[in-house]
Amino acid sequence: MRRRTGLAMAGVAALAWGEWLNWRWSRTLVGRRGGASTAVVVLGYRNPQATANLINRWRVRAGIRSVAADGVHGTRVIFSGGATGDGATEAQLMSEYAELVLGFGGTVLLEDQSATTWENVTNVIPLLEDVDRIKIASQPAHALKARAYLWRQRPDLAARLVRADDYRPGEWIVVKPLLALYGLWTLRGLRGEGALGARDAGTVRSRSPWGSAPNPDRA
């Protein structure tokens, strides 16, 4: 009985930890900037098949609901991701899912050359110059990594970052501990460089504290 209770408590603690860490990441390196125009950048994930995979479908939904928070007018969605096989690019597959399955009719731009998160950020910069607010939609740890890269590359644009709707309490709750572990692993380099503190930099930064060296890790 005690063992069963202990396992149950450990399970609850793991779920709560995963939920908290993903919540914290979703609120890191963003501000509360206002403005009339918004860009929502949706980052692609490896997609060698002919249709958007599970992860990319979820990222598209997170991106579209991030648009809904501001309204379609004045908001553009940028799907970013190159080809990982001989077929269509990640950006194209995500765009098709948004338009044909979700019925999204707003402004869509494609960035279809990127093979890494660093390249995602580099290649969408020309599409962000004229907007007031920038949202990056992905799993919270991955989106945080991309925001850190934008701080490295263009601090002036990073100052326009606001929170995307890519975290919701209870969503994917069973796998959030695994996502948290994977996130800690993918963010390890940023912590080592001082980009994130020991408690994962839960505070908003107003300017970039990082250098400009790229990180080629794939999304």
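Tabulated values for the structure
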item	result
Residue satisfying all of: in segment 140-166; crowded, with 22+ Cβ neighbours inside 10 Å and in contact with an Asp or Glu (Cβ under 7 Å, 6 or more places away or on another chain); nearest to V77 (Cα to Cα) among these	A143
Count of segment 19-35 residues which are in a loop (DSSP other than H, G, I, E, B) and open to solvent by 60 Å² or more (accessible area, probe 1.4 Å)	3
Pairs, first on the phi > 0 side of the Ramachandran plot in segment 59-87, second open to solvent by less than 30 Å² (accessible area, probe 1.4 Å) and in a helix (DSSP H, G or I), C-beta under 6 Å, six or more apart	G81/E90; G81/A91
In segment 36-71, the residues that are open to solvent by 20 Å² or more (accessible area, probe 1.4 Å) and touching a strand residue (DSSP E or B) at 6+ places or on another chain (Cβ under 8 Å)	S37, I64, D70
Residue check, L102 out of contact with any strand residue (DSSP E or B) (no Cβ under 7 Å at 6 or more places or on another chain), modelled with pLDDT of 95 or more, surrounded by fewer than 17 Cβ atoms within 10 Å (Cβ to Cβ) and farther than 30 Å from R188 by Cβ	yes
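The values are calculated or read from the model by the stated rules, or taken from the named source; none is laboratory data. None of these values were measured; they are calculated from a predicted model. Positions of Cβ are generated from backbone atoms using ideal geometry, with glycine treated the same way; all protein chains shown enter the neighbour counts. Surface areas here come from the heavy atoms of the whole protein model, side chains and all, with no ligands, DNA or RNA. Shrake-Rupley method; radii C 1.70, N 1.55, O 1.52, S 1.80 Å.
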